[in-house]
Amino acid sequence: MNVKKIYMDADALLEGHFKLSSGNHSQFYLQSAKVLEDPKTAKLLADALAKQIKASGLEIDTVCAPALGGLIAGFALAQALDVRSIFAERVGGEMSIRRGFEIKKGERVLMCEDIITTGGSAMEAAAVVKSLGGEIVGVAALANRGFCKREGSDVQTQPNCKLPQDIPFFALEDFTFEIYEPDKCPLCKDGSEAIKPGSRGN
Ligand code: ZN
């Protein structure tokens, strides 16, 4: 499966000059929502990810996704794995589990995102799951931005990766393009201005 081509065909791999939520700049931006707007593509990707997870032998009771980014990927993956699908959401800046979702003591929970950059949101949500008695058995994402090592990849974990090293991380593809601190950004040096993804309809 050529995940990069799927993102490009869906106009989900944007090229330009972007200001990321971290404040850093990048020439590329991944907009997974554009890939997942086609339910058939969402199913195709989730099935491939589920296949990889099942092959590992990991046992899972529940998939938990941090909203909003992970919602569709999390649901599609839970469907492919035939397990329960729940989500965590930010309320007043704090990640929380609401909506009447319950977690049993020792329930084996796989965290799911559309894209793992450093894994910060996934781990914030995982902390809430743990506080309710759940056990985090792994992390999954459609795409990996290349800061954390996923199963079966040569990409090595970078210091900014927030995923724990003692549980597996599954993703379909590494997208390892560079990010720049604003004062070191070559695109800024060339005179263009970084835009926030979403600010011009993307
Ligand atoms: Zn820049």
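The values are calculated or read from the model by the stated rules, or taken from the named source; none is laboratory data. Since the model is a prediction, treat every value here as computed from it, not as a measurement. Neighbour counts are summed over all protein chains in view; Cβ atoms, including those assigned to glycine, are modelled from backbone coordinates with ideal geometry. Side chains are part of the model used for accessible areas, which takes the heavy atoms of the whole protein and leaves out ligands, DNA and RNA. Shrake-Rupley method; radii C 1.70, N 1.55, O 1.52, S 1.80 Å.
Things worth noting here:
- Candidates G152, G74, G191: whichever shows maximal mean-square fluctuation once the chain is modelled as a Gaussian network with Cα springs under 10 Å: G191
- For G70, the shell of other residues with beta-carbons less than 9 Å away shows a net charge of -2, using +1 for Lys and Arg and -1 for Asp and Glu.
- Unit charges at the beta carbon, dipole of the chain: most positive-side option, G100, L20, N144: G100
- Computed over the chain, the Cα gyration tensor eigenvalues convert (square root of 5λ each) into semi-axes of 28, 18, 16 Å, ordered from largest to smallest.
- Each Lys and Arg Cβ is given +1 and each Asp and Glu Cβ -1; about its Cα centre, the chain then shows a dipole of about 280 debye.
- The chain: antiparallel DSSP beta bridges as a percent of all, rounded to 5: 30 percent
- For the range 54-109 and the range 135-202, distance of Cα centres in Å: 21 Å
- In the chain, the longest principal axis of the Cα atoms and the axis of helix 71-81 are about 50 degrees apart.
- For the chain, the solvent-accessible area of protein heavy atoms averages 52 Å² per residue (probe radius 1.4 Å; ligands and nucleic acids excluded).
- Kirkwood hydrodynamic radius of the range 114-161, from inverse mean 1/r over distinct Cα pairs, in Å: 11.5 Å
- Expressed as a whole percent, the accessible area of the chain that falls on carbon and sulfur atoms is 49 (1.4 Å probe).
- Sequence-distant lysines (8 or more away, or on other chains) whose Cα lies within less than 22 Å of K43: K4, K5, K34, K51, K54
- The range 66-165: antiparallel DSSP beta bridges as a percent of all, rounded to 5: 25 percent
- When every Cα-Cα distance of the range 12-111 is counted in 5 angstrom steps from zero, the calculated P(r) takes the values 2, 12, 18, 19, 17, 16, 10, 4, 1, 0 percent.
- Calculated [θ] (222 nm, deg cm²/dmol) that DSSP helices of n ≥ 4 give over the chain, each run adding -39,500 (n - 2.57): -8000 deg cm²/dmol
- Among the cysteines of the chain, C64, C112 have no other cysteine beta carbon within less than 4.7 Å of their own.
- Neighbour-limited loop hits for GluC sites (Glu not before Pro), the range 152-202 (at most 12 other Cβ within 10 Å; DSSP other than H, G, I, E, B): E178, E193
- Per the Kirkwood formula applied to alpha carbons, the range 142-202 shows a radius of gyration over Rh ratio, Rg over Rh, of 1.08.
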